[in-house]
Structures are given as C-alpha cells and as structure tokens.
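See below for the structure under consideration.
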Amino acid sequence: MGKRESGIRANIGTSSLILIFIVMCLVTFGMLSLTAAKNDLSLAERNASAVTEYYRADSEGEAFYAAAAEHVAFVCGRTSDEIERNALFAEKFDKYYLADRGITATEIPMDRGQALYIELIPVLNGDGSVIIDKWKVIHTEDYEIDDSMPVWSGVEP
C-alpha cells in the first residue's frame, strides 16, 4: 500500500508542476498584454494631442487667410493704383507682409517645437485674390543628435 501512495503523490506533483507552469505562462502573457495595451494607449493619446494641436493651428491659419483675403478685397475695391494698394495692404499687415518678396507670412506655434508656416501671395492687381504659396508644419527647434555613445562608423581606425 505504501507504494501506491507514493505513486499517487508523484502524479499529483507532476500535474501540480504543469499547472504552476501554465499559470506562470498565463501571468507572463497577461503582463505583456497589459504593457502593450498601455503603450498603445500612450501612443494614441500623443497622436490625439498632435492632431488636436495641428487643427488648432490650422484654424488660426484659416482665420489669418480669411483676414488677408478680406483686406485684399477691401484694398482692391478702394483704389486702382497698384502702389497705393501695396501701401494700404502693408499698413494693416505690416509685421506679416514682406514687401521685397511680395508675400504675407506667419508662423503659428504648436507643441513639441513645431509651427505651422503659412505664406500667402496677395494679388493686388485686378479684382484681388490671395494665393496660398506654403502651408506646412516646420520644426522651430534644432534637432540635436546624441553622439555621446561611441558607435562604429564603418571605418577602421
């Protein structure tokens, strides 16, 4: 009878070890799934923040465009002399108007060292219109590469 009990105990021990191994695998995969889900949530939140920030800047850019178009129409309706039109337009958009290039430009700051750069070309002859030359996101901070780690460049010393 003693042999039978020890045989049963051996079977209980083997099944217990298998059960413990299965539980450990499930816990490990569960923790990996939680970590991956947390990283996905963090990425989604950063993406949502970046998109929200872009559309905020874009709406300010649309307001800038609308103001420029309205003022161009006002200036063109007021006088027919092109020099006077340039002077009237430059009067309102003095810090945005680059008369030497004939453009109106602005940078609308965004998060993470970026800005929405807008260049408009006011057409001050004829009936007057505004052409969008550039409407893009630019980096306003310098990107610094961390080269403090000695990495092999592919050239033998």
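Name the residues in the stretch 139-157 that are closer than 24 Å to TYR54 by Cβ and either of a type in the set (Phe, Trp, Tyr) or surrounded by 10 or more Cβ atoms within 10 Å (Cβ to Cβ) (or both), would you? Within the stretch 139-157, HIS139, THR140, TYR143 meet the criteria.
Among the residues that make up the stretch 36-44, is at least one of them aliphatic (A, V, I, L, M), surrounded by 10 or more Cβ atoms within 10 Å (Cβ to Cβ), in contact with a strand residue (DSSP E or B) (Cβ under 8 Å, 6 or more places away or on another chain) and part of a helix (DSSP H, G or I)?
no
Kindly indicate whether any position in the stretch 113-133 is surrounded by fewer than 16 Cβ atoms within 10 Å (Cβ to Cβ), within 27 Å of the chain's Cα centre (by Cα) and not aliphatic (A, V, I, L, M). Taking every residue of the stretch 113-133 in turn, at least one turns out to be surrounded by fewer than 16 Cβ atoms within 10 Å (Cβ to Cβ), within 27 Å of the chain's Cα centre (by Cα) and not aliphatic (A, V, I, L, M).
Within the stretch 41-71, the set of residues being at pLDDT 95 or above, within 22 Å of LYS92 (Cβ to Cβ) and among the charged types (D, E, K, R) comprises GLU60, GLU62. When you scan the stretch 79-137, how many residues do you find that are out of contact with any strand residue (DSSP E or B) (no Cβ under 8 Å at 6 or more places or on another chain) and either outside any loop (DSSP other than H, G, I, E, B) or not small (Gly, Ala, Ser) (or both)? Final tally of qualifying residues: 20.
The values are calculated or read from the model by the stated rules, or taken from the named source; none is laboratory data. The structure presented is a predicted model; accordingly, all values stated were derived computationally and were not measured. Note that each Cβ is placed from the backbone with ideal geometry, even for glycine, and that neighbours are counted across all protein chains shown.
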